[in-house]
Amino acid sequence: MRNSLSLVSALLLLFGSASAFLPLRPMWGSTSSSFPDDSPFSLHLRATLTQLQMSKEDPPKIIISGAPASGKGTQCEIIKEKFGVVHLSTGDMLRAAVAAGTEVGKLAKDFMDNGKLVPDNVIIGIVKDRLAEPDCIEKGWLLDGFPRTAAQAEALEEAGVKADCFLFLNVPDSVLVERVVGRRTDPQTGKIYHMTFSPPEDETILQRLEQRSDDTEEKVMVRLEQFHANEDAVKGKYADISVAIDGNRAPSDVSAAVLAAIAASKAKV
Ligand code: ADP
């Protein structure tokens with residue numbers, strides 16, 4: 001029963017991604033308006049969706065990996081929307097800790113400012129605690145930026161945390177550098193722009209855009225170095241659930257591949 005539900009879920013997701021995700025909606029969150037008519041086929045699909053929504057014992061558990069600016073943030077927004085999972089970005093968690101001046105923030109700040117990885121013992125406990133919270137257990141999770149080292153992957157394993165899939169976004173380093181140095185964020189909306197590829201809509205937004213302190217050419221070189229130094233070790237831990245995705249394409253093409261990979265992994269569970 002569970003397998004057949006998973007298979008239907010996979011087909012539904014593939015169906016959704018093929019139509020370039022017209023209106024995105026959380027599969028685990030709402031039953032409304034997925035299928036406009038009342039034909040037997042639509043009614044059947046609606047019923048299946050309802051059953052899927054009730055199978056809360058098996059929510060999605062996803063790891064997304066890739067170099068700085070490989071597009072993880074953009075894809076995470078879409079995955080979160082589509083599946084209703086809890087998005088855990090260790091970069092965002094650490095930046096919030098720095099801004100709040102917590103002990104963790106004080107420990108992390110210098111490493112982050114220099115493009116270095118925060119020590120494993122600082123980040124591992126935070127992530128493990130967060131994954132044990134009720135919302136992650138109930139809705140499932142999307143780990144973004146963790147694990148980044150073999151020790152972090154081992155810590156998850158020891159804690160009995162298992163993912164359905166490990167998505168890896170492949171983008172050449174030269175493209176990543178270009179993306180990083182032009183990246184800006186609107187502090188009011190959280191929207192991410194690129195000064196060349198997706199500039200702000202008007203002068204007012206342009207004036208308030210912020211650049212991350214580690215988004216400079218010098219610091220991205222260090223971040224890329226750190227990333228590549230750990231890349232094979234981390235990938236090696238997830239060889240059985242790993243899906244490599246070409247991230248050097250239009251975001252909607254990347255999303256189609258990402259959603260198809262998640263759907264296929266749910267069908268296997
Ligand atoms: P990026 O992927 O572009 O490097 P993030 O926002 O994911 O950016 O992370 C920003 C910084 O936060 C990293 O450069 C690093 O200092 C720290 N960080 C985030 N996740 C981890 C992690 N899993 N282990 C160690 N440091 C981390």
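A short reminder: the numbers here are calculations on the coordinates, not readings from a lab. Note that the structure is predicted; figures quoted are calculated from it, not measured. All Cβ positions, glycine included, derive from the backbone under ideal geometry; neighbour counts span all protein chains shown.
Given labels modelled 7 Å from the Cα in the Cβ direction, how far is it in nm from residue 253 to residue 196?
1.8 nm
Which FRET efficiency value, to the nearest 0.05, is calculated for residue 158 and residue 225 with the Förster distance at 35 angstrom and r the Cβ-Cβ distance?
Details: r = 28 Å, r/R0 = 0.79.
The computed FRET efficiency comes out at 0.80.
Can you list the GluC sites (Glu not before Pro) in the range 180-239 that are in a DSSP coil and have 12 or fewer other beta carbons within 10 angstrom?
Listed in order of number, the matching sites are 201.
Can you pull out the chymotrypsin sites (Phe, Trp or Tyr not before Pro) in the range 195-242 that DSSP calls coil and that have at most 11 other Cβ atoms within 10 Å?
Details: sites: 197, 227, 238; in loops: 197, 238.
Answer by residue number: 197.
Gain in length, residue 129 to residue 114, computed as 0.36 nm per residue apart minus the alpha-carbon separation, to one decimal in nm?
So the chain would gain 2.8 nm between residue 129 and residue 114.
Using the Cβ atoms and a cut-off under 13 Å, what net charge is assigned to the surroundings of residue 241, where Lys and Arg are +1 and Asp and Glu are -1?
Net charge in that neighbourhood comes out at +3.
Restricting to lysine pairs 8 or more places apart or on different chains, what number in the range 71-267 have Cα atoms under 19 Å apart?
Here the count comes out as 24.
Net charge near residue 207: determine it from the other residues with C-beta under 14 Å of the C-beta of residue 207, scoring Lys and Arg +1 and Asp and Glu -1. Walk me through the numbers before you get to the answer.
Working: positive: 184, 208; negative: 186, 201, 202, 203, 210.
Net of charged neighbours comes to -3.
For the range 133-229, with only Lys/Arg (+1) and Asp/Glu (-1) charged at the beta-carbon, what is the dipole magnitude about the Cα centre, in debye rounded to 20?
So the dipole magnitude of the range 133-229 works out to roughly 140 debye.
Between residue 174 and residue 186, what is 0.36 nm times their sequence separation minus the Cα-Cα distance? Round to one decimal in nm.
1.8 nm
Multiplying the sequence separation of residue 268 and residue 58 by 0.36 nm and subtracting their Cα-Cα distance, what value in nm do you get?
74.4 nm
Which number do you get for Rg(Cα) / (2.2 N^0.38 Å) in the range 158-198?
Compared with the compact-globule rule of thumb, the range 158-198 sits at 1.75.
Looking at the range 217-269, which trypsin sites (Lys or Arg not before Pro) are DSSP coil and have at most 15 other C-beta atoms within 10 Å of their C-beta?
Loop-located and lightly packed - 249.
Please report the equivalent ellipsoid semi-axes of the range 71-267, computed as sqrt(5 x eigenvalue) of the Cα gyration tensor, largest first, in whole Å.
They are 26, 21, 18 Å, listed largest first.
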